[in-house]
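Q: I'd like to ask some things about the structure below.
The values are calculated or read from the model by the stated rules, or taken from the named source; none is laboratory data. From a predicted model like this one, the values you see are computed outputs, not experimental measurements. We place every Cβ from the backbone using ideal geometry, glycine too, and count neighbours over all the protein chains shown.
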Amino acid sequence: MTDSLHPYTALTPDRVLDALDSTGLHADGRLLALNSYENRVYQIGVEDAQPVVVKFYRPGRWSDAAILEDHAFTAELAAEEIPVVAPLQLDGATLHAHAGFRFAVYPKQGGRMAEFDRADALQWMGRFLGRIHAVGARRDFVHRPALDLASFGYASRDFLAGGNWLPADLRAAWDSVVEHALASVAHCYARAGAVRGIRLHGDCHAGNVLWTDAGPHFVDFDDARTGPAVQDLWMLLSGERDAQQAQLGEILTGYEDFMEFDSRELHLVEALRTLRLIHYAAWLARRWDDPAFPAAFPWFNTQQYWEARILELREQIALMDEPPLVA
């Protein structure tokens, strides 16, 4: 596919401003593209009002029903006074369409990067994640997918196998290590047993948490899906095992004020990390026809990239054989 055929090529600045005008808010011409690749996101100035953030959804990724479930979940959380950034309801709707693009409008939320090296910050995060999960456990998603071995693991493996993404001399090594890694993930799930799936943020890394004097604000529920609670916890852990163990203890101190944590899910920490690594490689491949991706990720599809991924998965296989962290 050529750049000119990619759908986002048609999302010109005039169309972005016209889309906001179609909701009844009147853009004042100030337009700033924000750092987003899956969707296109802009901060737009509004006449006689605060700027807003407008997210244009990637065509073909989500159904309208799935997007509206994301919106309903964040609205449900906001109603419980949990600090999430929910879309604005304009003219009775949160999901809008203009010139072939679907979009949502959000209030602008300022903040700074979270400092997860502080015990009090980790406990604070744990308390709010416990509250999010307590709400998430009330009912199920109907239209949004689950995070599991099939969707993040096997589907990603198969997509990469169907293209010419790997250098020929690394293909056999990749095929071998990814099969071994996925088998290890399956063993981790077997050790964990039948853990409960609940509605999650799904992508709770530091970049999706804005910190203010009032504490954390959770943004971008675009990857909200069903999965084990630990999916929203493990990305807050970093460093060597002892450091991760200490961080987990602080998080759970806050978390269990609001939500009981099933310690069997700790068998899934390295399994989920492994699935994310494989899924991320496939995500880059799936999006390579979008001209923003070769520009932003020029190292993808290189010898060095795949050598590093093979080494990374070998390290993950070893980690998945170790005893889990302790709650």
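Q: Looking for whichever is within 29 Å of P291 (Cβ to Cβ) and surrounded by fewer than 19 Cβ atoms within 10 Å (Cβ to Cβ) here; the options are L32, L20, L11, L88. Which one fits?
A: Sole residue among the options that is within 29 Å of P291 (Cβ to Cβ) and surrounded by fewer than 19 Cβ atoms within 10 Å (Cβ to Cβ): L32.
Q: Hey, another quick one. Give just the number: which of (1) crowded, with 16+ Cβ neighbours inside 10 Å; (2) at pLDDT below 95; (3) of a type outside the set (V, I, T); (4) closer than 19 Å to T9 by Cα does G60 not satisfy?
A: Failing condition for G60: (1).
Q: In the range 63-98, what residues are touching an Asp or Glu at 6+ places or on another chain (Cβ under 9 Å), in contact (Cβ under 8 Å) with a residue 40 or more places away in the chain and closer than 16 Å to N39 by Cα?
A: Residues satisfying the conditions are D70, H98.
Q: With (1) more than 25 Å from E115 (Cα to Cα); (2) touching a Phe, Trp or Tyr at 6+ places or on another chain (Cβ under 7 Å); (3) of a type outside the set (D, E, K, R); (4) in a helix (DSSP H, G or I) as the list, and N301 as the residue in question, which single condition is left unmet?
A: Failing condition for N301: (4).
Q: Out of (1) under 23 Å from G130 (Cα atoms); (2) surrounded by 21 or more Cβ atoms within 10 Å (Cβ to Cβ), the odd one out for I278 is which?
A: Going through (1) under 23 Å from G130 (Cα atoms); (2) surrounded by 21 or more Cβ atoms within 10 Å (Cβ to Cβ) one by one, I278 breaks only (1).
Q: Among the residues that make up the range 264-286, is at least one of them in a loop (DSSP other than H, G, I, E, B) and touching a helix residue (DSSP H, G or I) at 6+ places or on another chain (Cβ under 6 Å)?
A: no
Q: Output yes when any residue across the range 156-164 is crowded, with 16+ Cβ neighbours inside 10 Å, under 18 Å from the mean Cα position of the chain (by Cα) and assigned to a helix (DSSP H, G or I), and no when none is.
A: Yes - at least one qualifying residue is present in the range 156-164.
Q: Checking P83 against (1) in contact with a strand residue (DSSP E or B) (Cβ under 9 Å, 6 or more places away or on another chain); (2) not assigned by TED's automatic domain parsing to the domain that holds Y42, only one condition comes out false. Which one?
A: Condition (2) is where P83 drops out.
Q: OK, next. Quick one: in the range 103-119, which of the residues that are surrounded by fewer than 20 Cβ atoms within 10 Å (Cβ to Cβ) and among the aliphatic types (A, V, I, L, M) is farthest from F221 (Cα to Cα)?
A: A119
Q: Okay, next question. If a residue has to be within 10 Å of the chain's Cα centre (by Cα) and crowded, with 20+ Cβ neighbours inside 10 Å to count, how many in the range 220-230 make the cut?
A: 5
Q: Which of (1) at negative phi; (2) in contact (Cβ under 8 Å) with a residue 60 or more places away in the chain; (3) surrounded by fewer than 15 Cβ atoms within 10 Å (Cβ to Cβ) does L122 not meet, given it meets every other one?
A: (3)
Q: Scan the range 178-200 for residues that are closer than 24 Å to F73 by Cβ and either among the aromatic types (F, W, Y) or in contact with a strand residue (DSSP E or B) (Cβ under 6 Å, 6 or more places away or on another chain) (or both) and jot them down.
A: Within the range 178-200, G197, L200 meet the criteria.
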